[in-house]
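So the structure is just underneath, and the comments pick up after that.
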Amino acid sequence: MGARLLVPAAIGETMFIVAVILAIVIAWPLGSVALAASAPTRVTIHVPSQSLSIMPYYFGKDKGFFAAEQIEPQLVIMAPPTAIAALIAGELDFSSTTGAATSAIMRGIALRRVFYVQQDPVHVLMGQPEIKSVQDLAGKSIGVNALTDATGMSTSAILRAHGLDGGKVTMLGLQLVDSMIKALTSKKVAASILPPPYVEELEAKGYTKLADARAYAPLSFIGLVSSVETMKKTPQKVQGMIAALHRTMNYIVNPANRKEVVEYVAAYHKLDMPLAEKAFTSQMLGYSKDGTKPRAAVEKEIEIYRETLKVAKTFTPDDLEDMSFLRKAQGR
């Protein structure tokens, strides 16, 4: 009698063990999927330099704002025209340069501005110490990133305003900020158009501030550009990037965080604190407070691009921008 009672108990115990093992085996791939789903998405982002205009990308990464949105940014420095070609070819996920992207859009390429780090330019035309005015550049060379990006167009606007259009000055497309700085400091060019903190560093060494770009052309230099294809195929990647940038810029422009941000700038560029403070103050004049740019300013930009590129087709801000992802980030 006792033996007959032991058999079902043993069978029940065995079945219980088998059930546990099966549960573990079944749950294992599900657990792996859950871990994979929570892993950050790696994205490649073009940046033209490590200037203060670009600093938010590095700051947001170091501060953990991108990780909080499940984004792992890989920042790649290259010339804007090369980067736009790579973006179109699908070799990059995003570009931070809005100028070269806008030229591409007006030539029929399916790209869109989706976030503005800067709404106004902060670049300055910097001259050799002996150059005291824009007029002194007559017959000389000026370094820009590219002739048809925001640096080239801003420089053209400055020259026109001082009567130096029509080939009276030679503009050289030097591709990278580092190249423009080297060309200036080695006297290969008489002037270069540069962003903070390089402006403040060169001014401290005796180079001359000739003209602020924002006084002549309301062009955006830095933001986030995506292809329309990326926006359609991987909208979660675009949403994560914009949410991370939105977090970052909210933090940077908050006066309560200014000391921390300036200290970061000082470490980031190896500057002393007074120079870092001065450079950050200059940069703050251009940062967008909410990732957008006033429509009237975008319309003015469009006219500058159309005139420079000789584009007959009309464009509206809606042809350049898609702010739908930003609106979602702002509304949560």
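Observations on the structure shown:
- Flag: residue 120 does not match the condition of being assigned to a loop (DSSP other than H, G, I, E, B) and without any contact (Cβ under 8 Å) to a residue 24 or more places away in the chain.
- Just one residue in the set 202, 164 is in contact with a strand residue (DSSP E or B) (Cβ under 7 Å, 6 or more places away or on another chain) and of a type in the set (A, V, I, L, M); that residue is 202.
- Scanning the stretch 54-88 for residues that are of a type in the set (Asp, Glu) and not in a helix (DSSP H, G or I) yields a count of 2.
- Selection from the stretch 272-286 of residues that are among the charged types (D, E, K, R) and either within 15 Å of residue 117 (Cα to Cα) or part of a loop (DSSP other than H, G, I, E, B) (or both): 272
- Among the candidates 171, 126, the residue that is in a strand (DSSP E or B), at pLDDT below 95 and not polar (S, T, N, Q) is uniquely 171.
- All of (1) touching a Pro at 6+ places or on another chain (Cβ under 7 Å); (2) of a type in the set (S, T, N, Q); (3) over 21 Å from residue 54 (Cβ atoms) hold for residue 154 with one exception: (3).
- In the set (1) assigned to a loop (DSSP other than H, G, I, E, B); (2) over 23 Å from the mean Cα position of the chain (by Cα); (3) within 20 Å of residue 220 (Cβ to Cβ), the condition left unmet by residue 109 is number (2).
- Single unsatisfied condition, residue 159 versus (1) over 24 Å from residue 327 (Cβ atoms); (2) in the same structural domain as residue 265 (by TED's automatic domain parsing); (3) of a type outside the set (Phe, Trp, Tyr); (4) without any contact (Cβ under 8 Å) to a residue 40 or more places away in the chain: (2)
- Meets criteria (within 22 Å of residue 87 (Cβ to Cβ) and either in contact with a helix residue (DSSP H, G or I) (Cβ under 7 Å, 6 or more places away or on another chain) or not polar (S, T, N, Q) (or both)) for residue 308: yes
- Flag if residue 91 is surrounded by fewer than 21 Cβ atoms within 10 Å (Cβ to Cβ), modelled with pLDDT of 90 or more and part of a loop (DSSP other than H, G, I, E, B): yes
- For the stretch 304-318, taking the residues that are exposed (fewer than 14 other Cβ atoms within 10 Å of the Cβ) and not hydrophobic (A, V, I, L, M, F, W, C), the one that is nearest to residue 236 (Cα to Cα) is identified as 318.
- Meets criteria (in a loop (DSSP other than H, G, I, E, B) and either modelled with pLDDT of 95 or more or more than 15 Å from the chain's Cα centre (by Cα) (or both)) for residue 312: yes
- Scanning the stretch 131-154 for residues that are buried (at least 21 other Cβ atoms within 10 Å of the Cβ) and either basic (Lys, Arg) or more than 14 Å from residue 189 (Cα to Cα) (or both) gives 146, 148, 149, 150, 151, 152, 153, 154.
- Among the residues of the stretch 129-153, those identified as polar (S, T, N, Q) and modelled with pLDDT of 90 or more are 133, 135, 141.
- Residue list for the stretch 294-309, restricted to those being over 16 Å from residue 99 (Cβ atoms) and either in a helix (DSSP H, G or I) or touching a Gly at 6+ places or on another chain (Cβ under 9 Å) (or both): 295, 296, 299
The values are calculated or read from the model by the stated rules, or taken from the named source; none is laboratory data. No experiment lies behind these values; they were computed from the predicted model shown. Positions of Cβ are generated from backbone atoms using ideal geometry, with glycine treated the same way; all protein chains shown enter the neighbour counts.
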